[in-house]
Amino acid sequence: MRKKTIGEVLRLARINQGLSLEELQRKTDIQLDMLEALESDDFDKLPSPFYARSFLRKYAWAVELDENIVLDAYDSGSMITYEEVDVDEIELTGRRRSNRKKRSLLPLFYFVLFSLSILIFVTCYVWNYIQTQPTETTSANYNIVTTTTNAPSSETTSSNQTTNPSSSTEASTVTVTGQGDVISVEYKTPKETAELQLSVTDATSWVSVSDTDLAGGATLDPNNKTVKTTISKGSPVTITLGVVKGVKIKIDNQEIDTSKLTGQTGWITMNLSSN
């Protein structure tokens with residue numbers, strides 16, 4: 001029996017799978033510097049413990065580790081005890097192990113059976129939902145925005161076409177950067193506070209906004225479509241989306257472009273600043 005840190009176990013599991021960090025990045029959609037931080041046990045580089053648990057779960061899945069063991073070690077701050085065959089690490093980096101034991105097909109059979117059960121359940125649920133919906137035409141209201149793209153910085157800026165008639169310098173702008181699981185939003189406004197609104201139409205998603213009355217989180221669904229909160233200058237917040245698809249975010253009625261969030265879950269760092 002041996003003991004190693006979480007990062008050492010993750011790295012050896014990745015090497016044993018014959019994966020480079022770049023290949024693991026494509027498989028998990030986790031940024032390269034975040035993967036390096038996990039393997040170095042440098043969890044302080046991650047935005048929050050919520051990020052750390054999510055990334056550890058994805059990493060463990062990608063290298064066929066038991067995510068529960070990894071998460072338990074992270075929560076308790078302990079090392080991982082495991083059985084390891086004495087294999088030279090240099091040999092593992094050169095090629096995949098060719099003498100793996102033949103896997104049983106029984107787990108695959110259970111997995112296929114479980115997947116079919118889920119598929120049948122989802123099909124029945126969608127069919128019943130369609131049958132119970134009233135046949136009426138709904139119209140959606142959209143804010144008209146203009147989008148400009150700055151090629152050198154790859155940033156997208158959106159602003160309302162209507163400006164404050166008192167002065168053109170009073171207009172507010174939204175700047176979105178980043179991609180993958182994490183993006184950043186800079187909202188430049190002359191006001192000291194701004195109203196943040198999260199809403200859905202048909203989707204269901206758990207959401208939270210740090211350092212606000214939504215820090216404890218809320219669930220958006222067709223019965224509870226919208227939540228609002230207020231954020232202030234000098235107090236950046238982190239918006240957590242349990243499910244990205246179907247969630248719309250507005251700041252002072254300006255819709256934020258979240259198309260760069262390509263993961264199933266996502267995080268948005270938002271900051272208010274002066275024009």
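Which order do the peptides 223-234, 204-215 take when ranked by the mean count of other beta-carbon atoms within 10 Å per residue, highest first?
Numbers: 223-234: 13.8, 204-215: 16.9.
By packing density, highest mean first, the sequence is 204-215, 223-234.
Just to confirm, what accessible area per residue do you get for the stretch 1-88 at 1.4 Å probe, in whole Å²?
On the way: 4950 Å² over 88 residues.
Here the per-residue accessible area is 56 Å².
Strictly over 27 Å apart at the Cα level, which of Lys45/Lys191; Lys27/Lys233; Lys191/Lys250 would you flag in this model? Could the numbers behind the result be given before it?
Working: Lys45/Lys191 32 Å; Lys27/Lys233 37 Å; Lys191/Lys250 16 Å.
In this structure, Lys45/Lys191; Lys27/Lys233 lie more than 27 Å apart at Cα.
Of Lys188/Lys225; Lys228/Lys260; Lys3/Lys260; Lys58/Lys248, which ones are farther than 31 Å apart at the Cα? Let's see the in-between values first.
Values: Lys188/Lys225 27 Å; Lys228/Lys260 23 Å; Lys3/Lys260 40 Å; Lys58/Lys248 25 Å.
Lys3/Lys260, as the Cα separations exceed 31 Å there.
Give me the percent of accessible area attributable to carbon and sulfur for the stretch 1-42, probe 1.4 angstrom.
Values: 890 of 2120 Å².
So the carbon and sulfur contribution to the accessible surface is 42 percent.
The values are calculated or read from the model by the stated rules, or taken from the named source; none is laboratory data. What you are looking at is a predicted structure, and each value in this text was computed from that prediction instead of being measured. Reconstructed Cβ throughout: ideal geometry from the backbone, glycine too, with neighbour counts over all protein chains shown. In case anyone asks, the SASA skips ligands and DNA or RNA and just uses the protein heavy atoms, side chains included. Shrake-Rupley method; radii C 1.70, N 1.55, O 1.52, S 1.80 Å.
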